[in-house]
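What follows is one structure encoded as structure tokens, with my remarks underneath.
The values are calculated or read from the model by the stated rules, or taken from the named source; none is laboratory data. Predicted model, so just to flag it, every value in this text is computed and none were measured. All Cβ positions, even for glycine, are placed from backbone atoms using ideal geometry, and neighbour counts span all protein chains on display.
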Amino acid sequence: MSPEHPDLLHAAHMVVRQALQQCARSPLVVGICGAQGSGKSTLAAHLASLCEADGITTAVLSIDDLYLTRAEREVLAQNVHPLLRTRGVPGTHDVALGLAVLDDLDHGRSAPLPRFDKARDDRAPRERWDLAVTGTELLIFEGWCVGARPEPEAALAEPVNALERDEDAEGIWRAFANSALAGDYQQLFARIDILMLLAAPSFAVVREWRTEQERDLRVREGPDAAGVMRDGEVARFIQHYERLTRHILAEMPGRANLVAMLTEDRSPYSIFRRKL
């Protein structure tokens, strides 16, 4: 989503305004789910600006900012499966940290908002975290798997790509991720009041979008920054996300409060609003 596509921003803004009128709990938590590169961070930023202009105290948190530290993921890689060294799937986030943010806000307190440095592939120092102020009325919670539900166990049997076939032949990694998603992630996602989905037209397009993102990061951070990937590395990296992304695209449109079906250039060609 970009400022050139005002229909989606307007629809999201209207859903939030209606929900704020109907919801007694504060803050209202709006989840925005979308595959990598779909524009969810851009939508979140523009939506936050509109709501702030309305006088609504707003904060934004990405599920990417809840990733475990590199050291913590290394422990998982050693003890569970090597693929858990790579950030991405459920099981590589600090869900308790996200719940702590929501608990603070639910009690009317200010809340430090963690930040993750993707160029370093590690959590940013605490002095670089933002702060959701006391009395925050709206939290926009965005991320590639925000609001996702686990797959049936039978669906895990067949690999969906070469990464799963060659590096997770026994299914340990994908079973761990699915089990994590079925566990405390559901406690976190249960705190979402309104769920929005930016639906990519295909996973092949997601690969292209993610490659574009990484090229931009290389320009901004420099090609030798620790967490910056080249195109070939992106192609492998995105396979970590493929299974759950495909599941979300199949399952979430039937229940999200707002669904925007996107074209390859991220323009919404259909926007569906479900009654609150």
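Could you look through segment 25-39, keep only residues that are under 21 Å from Ser202 (Cα atoms) and of a type in the set (S, T, N, Q), and pick out the one that is modelled with the highest pLDDT? Among them, the one singled out is Ser38. Annotation: of all residues in segment 139-165 being of a type in the set (Gly, Ala, Ser) and assigned to a helix (DSSP H, G or I), the one that is surrounded by the most Cβ atoms within 10 Å (Cβ to Cβ) is Ala155. When Thr134 is tested against the conditions (1) surrounded by 17 or more Cβ atoms within 10 Å (Cβ to Cβ); (2) part of a loop (DSSP other than H, G, I, E, B), the lone failure is (1). Residue count for segment 25-73 under the criterion of being over 19 Å from the mean Cα position of the chain (by Cα), assigned to a helix (DSSP H, G or I) and surrounded by fewer than 18 Cβ atoms within 10 Å (Cβ to Cβ): the result is 6. Would you call Arg255 over 20 Å from Glu164 (Cβ atoms), modelled with pLDDT under 95 and either surrounded by fewer than 16 Cβ atoms within 10 Å (Cβ to Cβ) or touching a Leu at 6+ places or on another chain (Cβ under 7 Å) (or both)? It is false that Arg255 is over 20 Å from Glu164 (Cβ atoms), modelled with pLDDT under 95 and either surrounded by fewer than 16 Cβ atoms within 10 Å (Cβ to Cβ) or touching a Leu at 6+ places or on another chain (Cβ under 7 Å) (or both). Here Arg87 fulfils each of the conditions (1) under 25 Å from Leu198 (Cα atoms); (2) in a strand (DSSP E or B) apart from (2). Screening segment 166-276 for helices (runs of 4 or more DSSP H) wholly inside it with 2 or more residues that are under 18 Å from Ser38 (Cβ atoms) returns the ranges 203-221, 231-237, 239-251. Of all residues in segment 131-183, which are in contact with a Phe, Trp or Tyr (Cβ under 8 Å, 6 or more places away or on another chain) and aliphatic (A, V, I, L, M)? Matches in segment 131-183: Val146, Ala148.
In the set (1) in contact with a His (Cβ under 8 Å, 6 or more places away or on another chain); (2) surrounded by 20 or more Cβ atoms within 10 Å (Cβ to Cβ), the condition left unmet by Met196 is number (1). Looking at Ser26, is it within 23 Å of Glu242 (Cα to Cα) and of a type outside the set (Phe, Trp, Tyr)? When the stated conditions are applied, Ser26 does not pass them.
Taking only segment 165-216 into account, find how many residues are of a type outside the set (A, V, I, L, M, F, W, C) and farther than 17 Å from Ile63 by Cβ.
Count: 17.
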